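Structure record follows, encoded as structure tokens.
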Amino acid sequence: MKKLILFLFLSTSLFCFGQGKSALKDIQSIKFYGVDYSQVKVFGADESPVQFKDAFRRINELFITEAKKYNVGKQLKKEVTEISLDAVNQVNENIDLAELMTAKREYTLSKEQIKAAINALPIQKTPGVGMVFIAQFLDKSNNRGTYEVVFFNTETKEIIEEWITDGKARGFGLRNYWAGSIYSALKKL
């Protein structure tokens, strides 16, 4: 009986939080919301939390100003019907700067934190599929940014699919350096 309960629990957990990328095969188009930095931790960097907060806003702007380079639709082979940065800009504006930097060499988001981040996005409840990167860990010592790629129902905010990815950070200046990790992570989609 215990094995059956455990099996049902694990099956339900997997169904809710990871049906495999095959869950996306029937999705033709998405709404892209940018990079949510509200949960991120930064390790090993010399810049101030205020400088990071400004860089986060400027990184998201690249999805508009350098749309050919940061082309989510091309990487996913899906039509992007809308790029709206308003929601991530709002949650990123409320980042607790005192909590941004960490002395720990590792940090990962729990399923609950990911779900809470999606629920906190101030978006209109309209039918469709949304996609957002949730920044997890920016590790200057390893030149890597780690991100959760999340697809969700924009009406119910139910997570359809999510997985973790990372990218090598490179470039001159704070914005370009961490934007480099987004660009590298995009290539892995």
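Within the range 67-134, what whole-number % of the accessible surface is contributed by carbon and sulfur, with the 1.4 Å probe and all protein chains included in the calculation?
Numbers: 1980 of 4180 Å².
That fraction is 47 percent.
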Nearest-20 debye value, the range 90-138 charge dipole, Cβ charges on Lys, Arg, Asp, Glu
200
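Heavy-atom accessible area per residue, the chain, 1.4 Å probe: how many Å²? It would help to have the intermediate numbers written out before the result.
Numbers: 10240 Å² over 189 residues.
Per residue, the chain has an accessible area of 54 Å².
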Under 17 Å from a label point 7 Å along Cα→Cβ of Ala23: give me every residue in the range 151-166 with its amide N that close.
151-165
Within the range 150-170, name every residue whose backbone N is under 11 Å away from a label modeled 7 Å from Cα of Thr108 along the Cβ vector.
164
With 0.36 nm assigned to each residue of separation and the Cα-Cα distance removed, Lys168 to Lys125 gains 12.0 nm
Per DSSP helix of 4 or more residues, -39500 (n - 2.57); summed, then divided by the residues of the chain. What does that give at 222 nm, rounded to the nearest 500?
-11500 deg cm²/dmol
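The values are calculated or read from the model by the stated rules, or taken from the named source; none is laboratory data. Predicted model only: the values in this text are computed from it and were never measured. A quick note on method: Cβ atoms are made from the backbone with ideal geometry, for glycine too, and the neighbour counts reach across all protein chains shown. Only protein heavy atoms, including side chains, enter the accessible area calculation; ligands, DNA and RNA are left aside. Shrake-Rupley method; radii C 1.70, N 1.55, O 1.52, S 1.80 Å.
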